[in-house]
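*Asks:* Pasting in a structure now, in structure tokens, and then I'll have a few things to ask.
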Amino acid sequence: MPSPGGSGDDLFESLRNADPKKLEAQERAAREREQEQNARAHAQLKELVGSNSTLPVTISSIRLIGAEKTRRSFLDRLFDPILSANRDRPYTLSEALQEVGTATDKLRRFDIFHNGLAMFIDKPSPTIPSSTPTDIDIYIKASERGPVVAKTGTDLGNVEGSAYGNLLWRNIFGGAETFSFNASAGTRTRSAYQGVFEMPILSDPDKTLSIDALRSSTLKPWANHEEALNGVGVKYNWATKGGTRHQIGYTGQRRQVTGLGQNASPTVRNDAGESVKSSISHTWVADQRDHPFLPQSGYMFKTISEITGWGPLRGDVAFWKSEVETSASTAIPIPGIKDASGVSFTSGFRAGLVYPLPLGFGSSAQPSRINDRFQLGGPTDVRGFKMGGLGPRDGPDAIGGDIFAAGSANLLFPVPTIGKDTPLRFQVFGNAGRLLALKDKGDNTQKKVYSTIAQLADGAPSLSAGVGLVYAHPVARFELNFSLPLIMRKGEEARKGLQFGVGINFL
């Protein structure tokens, strides 16, 4: 039926004859009016809270607008605990908004909604008999992210180039569950496929459970072999109120040392073939740095502990493996400059130990395999040396060690023509490290470990120094350095000159 005052044909005719610039101006004016209204409402809310912050209120309901695929039971665990019906005393207005803001921040951290969650306050309808003058309804406006994200690209890393593809499926069952699948192929990691299913526990973004499966084939030219790996794992992650993070998990892997080079050493040939690893691990991280890749202040402390093959774990390798890593950064003020100068000093230290254990119950401890030993040297730890350039060798192969310690000192300062507000820095660095294998002689494992640890202080460590450029990209740190080895032991392989490194964890 035609609308009053004109026909449907008249309406379409007016649209055809409309000036596009005029329509665009009208739409722009409408958007501006909406922005002004939102700004006015925000100012009114701020004024209301400021003048009534101690006013007693009762939260009668919390409603999330735009959560079409998110499960109601998942949201109830977030918001039910802060409803006034579950408290023994009323909120003040500021307390109520703070509690809802905390819950909204948790919702944001699940990464299933777009940024820009908005919160509004309203009074319940006066037609509701149970409503009181102090009742408020809280509305949270949200927009869900797309469920599936796919991405492809290329990476240039530590002496390796690769192509990758990532697939992410969000909010699978409406409770912020995710499934990610990653596939890559490169010059060193021939192929790698990993699938991870992760879900929050009790609607808490700080507590997650994950199940993963991995299959990879990696070329290890420093030891003339290739390692094929198939594994599954279950991990539980949680964070404390103090800001530390924990992970405990179980991993089962079938490893194969294969693709031996023609000049592979007897040590590599002896470890060739399959081995089964069954382990429980725990990781603890306390990170108080102001930036993960280019810190100006703060510290980081990390420990990794792993028990493999001991007691009921079985498999065919058994050991306790422990690593510790720490770093600290401080800004260096320059006299006469009021603001931060951008100059900083960072020091780091890493150490690790592989302690042989009896396999199962009642057997004797066996020497470690090449799969499980530490490697040291390269552009992300002891610069100025090749990958695996430090430590024990058998002919042309770096066979790794059971005990290591390494340290670094880095002075970073802005590039003069660019300034301190960019992620680009010059650096001057010094690195030192030592990697040792347990002695085979003797049956007392404890004595062998203690005597090997004592050797770390026997003489100067391998040492290098250099200068370079550092770029802190949002997802990784890039370094291009000129390195000069200063002290090296017989058989170690240095790398004098330019060295390029990419990673998220540098010494």
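*Asks:* Of the residues that make up region 225-239, is at least one over 25 Å from I112 (Cβ atoms), in the same structural domain as S344 (by TED's automatic domain parsing) and not in a strand (DSSP E or B)? Steps first, answer last, please.
*Replies:* Initial filter on region 225-239 (over 25 Å from I112 (Cβ atoms)): 225-232.
Of the ones still in play, those that are also in the same structural domain as S344 (by TED's automatic domain parsing) are 225-232.
The next check asks that each one be not in a strand (DSSP E or B); those that pass are none.
No, that holds for no residue.
*Asks:* Could you give every pair whose Cβ atoms fall below 7 Å, whose first residue belongs to region 103-116 and is within 15 Å of I140 (Cα to Cα) and modelled with pLDDT of 90 or more, and whose second residue is part of a loop (DSSP other than H, G, I, E, B) and of a type in the set (V, I, T), counting only separations of at least 6 or pairs across chains?
*Replies:* Pairs found: I112/T70.
*Asks:* Exactly one condition in (1) surrounded by fewer than 15 Cβ atoms within 10 Å (Cβ to Cβ); (2) assigned to a loop (DSSP other than H, G, I, E, B); (3) hydrophobic (A, V, I, L, M, F, W, C) is false for L507; which is it?
*Replies:* With (1) surrounded by fewer than 15 Cβ atoms within 10 Å (Cβ to Cβ); (2) assigned to a loop (DSSP other than H, G, I, E, B); (3) hydrophobic (A, V, I, L, M, F, W, C) applied to L507, the lone miss is (1).
*Asks:* If you don't mind, another one. Would you be able to say whether some residue in region 455-472 is part of a helix (DSSP H, G or I), out of contact with any Leu (no Cβ under 7 Å at 6 or more places or on another chain) and over 29 Å from L498 (Cβ atoms)?
*Replies:* No, there is no match, as no residue in region 455-472 is part of a helix (DSSP H, G or I), out of contact with any Leu (no Cβ under 7 Å at 6 or more places or on another chain) and over 29 Å from L498 (Cβ atoms).
*Asks:* Which one of these is among the hydrophobic types (A, V, I, L, M, F, W, C), surrounded by fewer than 16 Cβ atoms within 10 Å (Cβ to Cβ), assigned by TED's automatic domain parsing to the domain that holds A406 and free of Cβ contacts under 8 Å to residues at least 40 places away in the same chain: I248, I304?
*Replies:* Residue meeting the stated conditions: I248.
Residues are listed down the side, and each one gets a yes or a no for (1) modelled with pLDDT under 90; (2) assigned to a strand (DSSP E or B); (3) buried (at least 16 other Cβ atoms within 10 Å of the Cβ):
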residue: A150; (1), (2), (3): no, yes, no
residue: T154; (1), (2), (3): yes, yes, no
residue: L167; (1), (2), (3): no, yes, no
residue: F173; (1), (2), (3): no, no, no
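*Asks:* Out of all the residues in region 446-492, which are buried (at least 16 other Cβ atoms within 10 Å of the Cβ) and hydroxyl-bearing (S, T, Y)?
*Replies:* T452, S462, S464, Y471, S483, listed by residue number.
*Asks:* Looking for something without any contact (Cβ under 8 Å) to a residue 40 or more places away in the chain, outside any strand (DSSP E or B) and of a type outside the set (A, V, I, L, M) - is there at least one such residue anywhere in region 313-325?
*Replies:* No; the residues of region 313-325 include none that is without any contact (Cβ under 8 Å) to a residue 40 or more places away in the chain, outside any strand (DSSP E or B) and of a type outside the set (A, V, I, L, M).
*Asks:* Being surrounded by 15 or more Cβ atoms within 10 Å (Cβ to Cβ), modelled with pLDDT of 95 or more and touching a Pro at 6+ places or on another chain (Cβ under 8 Å), is that true of even one residue in region 328-335?
*Replies:* yes
The values are calculated or read from the model by the stated rules, or taken from the named source; none is laboratory data. In this text, all values refer to a predicted model and were calculated from it rather than measured experimentally. Methodologically, a virtual Cβ is constructed for each residue, glycine included, from the backbone with ideal geometry; neighbour enumeration extends over all protein chains shown.
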